[in-house]
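The values are calculated or read from the model by the stated rules, or taken from the named source; none is laboratory data. Please read all numbers here as calculations on a predicted model, not as lab measurements. Cβ: placed from backbone, ideal geometry, glycine included. Neighbour counts: every protein chain shown.
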Amino acid sequence: MNVSTDNLVKWLFETDAVRVCPQNQPFWYTSGTIGPFYINTHFLYGSEEKANELLKLIDVEKENIFSCSAKVLEETLKNYECDSIYKSLIDQMIEFIKQNISIEEVNYISGGERRDWFFSLIIAKFLDKPHITIYKDLNSVIFYNGKAEEVVELGGKNVLHVADLITEASSYERAWIPAISNKGGNIRWSVVVVDRKQGGEQVLNNFNIKSFAMIGVDIQLFEKALDMGMINENQFEMIKEYIKNPKESMANFLKQNPQFLEQALNSDDKTKERARLMLEKNIYGIQR
């Protein structure tokens with residue numbers, strides 16, 4: 001089975017893992033910037049609702065680091081049996097890993113709190129590798145065949161990190177790489193579903209980690225989505241300009257549509273706060 005980009009694009013849009021804004025209504029991001037799409041890769045679990053349910057379960061279970069892995073794996077295995085998109089995605093991820101990495105060289109598979117676990121635990125199970133469950137506080141647990149124990153020493157062993165998404169690789173730098181290297185292990189490879197194409201791959205290369213992504217957030221992704229009727233021409237044009245130059249394209253949009261900012265400043269609290277932040281940080285050089 002080859003990894004099908006067409007299928008992946010279809011699933012990303014069907015589950016709202018990629019959501020594109022309506023014409024002339026870009027999204028407000030938490031940073032105070034605006035843009036034409038949102039990426040929530042973990043929605044590939046089947047839907048936003050299903051993904052949020054699993055996040056809730058993780059938030060409860062992570063209080064006990066030794067039982068958490070088993071509970072999350074149990075839940076993802078159940079979902080694998082009943083959700084066709086999630087099952088197909090996991091099957092394709094495993095095929096993708098086998099095509100790009102020599103499985104015999106992989107001693108452990110790791111995943112970081114929380115969204116990586118949607119994918120890393122079940123893949124470790126199917127590839128019959130011990131899973132290193134990494135927490136944000138850098139605690140880590142080895143989970144294999146239903147048993148969990150604290151990571152003490154990894155003795156130079158090779159680790160494949162599986163994640164939902166890579167952006168600037170800040171989680172890798174801050175937590176995942178130190179959690180493994182502090183215990184004497186080496187993350188040699190990273191496999192993600194989606195690469196945001198914001199420098200993460202280069203950061204990992206600097207750590208001698210080979211970075212693999214099933215799909216990148218680039219113009220080709222949205223060209224495919226346009227061809228498949230997932231987005232329209234107007235949405236595509238805004239995305240094309242945004243990918244070329246995020247800051248300049250959105251500054252031009254705000255100048256051409258002054259009512260957009262006014263509406264945001266008179267909107268709900270969350271939107272208002274983000275619009276004010278944009279003005280305070282003077283992100284786009286827009287004066288009121």
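In this structure, Q202 does not satisfy being in the same structural domain as K129 (by TED's automatic domain parsing) and either modelled with pLDDT under 95 or touching a Cys at 6+ places or on another chain (Cβ under 6 Å) (or both). Could you say whether any residue in segment 88-99 is in contact with a Leu (Cβ under 7 Å, 6 or more places away or on another chain) and of a type in the set (K, R)? The answer is no; no qualifying residue exists.
Has segment 171-189 got any residue that is without any contact (Cβ under 8 Å) to a residue 60 or more places away in the chain and within 27 Å of N7 (Cα to Cα)? Looking for residues that are without any contact (Cβ under 8 Å) to a residue 60 or more places away in the chain and within 27 Å of N7 (Cα to Cα), one finds none in segment 171-189, hence no.
Sub-8 Å Cβ pairs linking a first residue in segment 73-86 that is of a type in the set (D, E) to a second residue that is at pLDDT 95 or above, at least 6 apart or interchain, are E75/L54; E75/L57; E81/K87; D83/Y45; D83/G46; D83/K50, ordered by first then second residue.
Total residues in segment 156-195 satisfying the condition of being closer than 13 Å to Y108 by Cβ and in a loop (DSSP other than H, G, I, E, B): the figure is 5.
Among residues that are surrounded by 13 or more Cβ atoms within 10 Å (Cβ to Cβ), more than 22 Å from G199 (Cα to Cα) and not assigned by TED's automatic domain parsing to the domain that holds R196, K272 is included. With respect to S171, is the statement that it is of a type in the set (S, T, N, Q) and crowded, with 17+ Cβ neighbours inside 10 Å true? Criteria met by S171. Would you be able to say whether some residue in segment 24-41 is in a helix (DSSP H, G or I) and modelled with pLDDT of 95 or more? Scanning segment 24-41 turns up at least one residue that is in a helix (DSSP H, G or I) and modelled with pLDDT of 95 or more. Note on segment 196-234: residues that are part of a helix (DSSP H, G or I) and aromatic (F, W, Y) amount to 1. Filter segment 253-264 for residues that are in a helix (DSSP H, G or I) and surrounded by 14 or more Cβ atoms within 10 Å (Cβ to Cβ) and give the result. The answer is F253, L254, F260, L261, A264.
Evaluating D91 against the criteria (1) touching a strand residue (DSSP E or B) at 6+ places or on another chain (Cβ under 9 Å); (2) not assigned by TED's automatic domain parsing to the domain that holds L265 leaves one unmet condition, (1). Does segment 225-234 include one or more residues that are surrounded by fewer than 21 Cβ atoms within 10 Å (Cβ to Cβ), under 30 Å from R288 (Cα atoms) and not aromatic (F, W, Y)? Yes, some residue in segment 225-234 is surrounded by fewer than 21 Cβ atoms within 10 Å (Cβ to Cβ), under 30 Å from R288 (Cα atoms) and not aromatic (F, W, Y).
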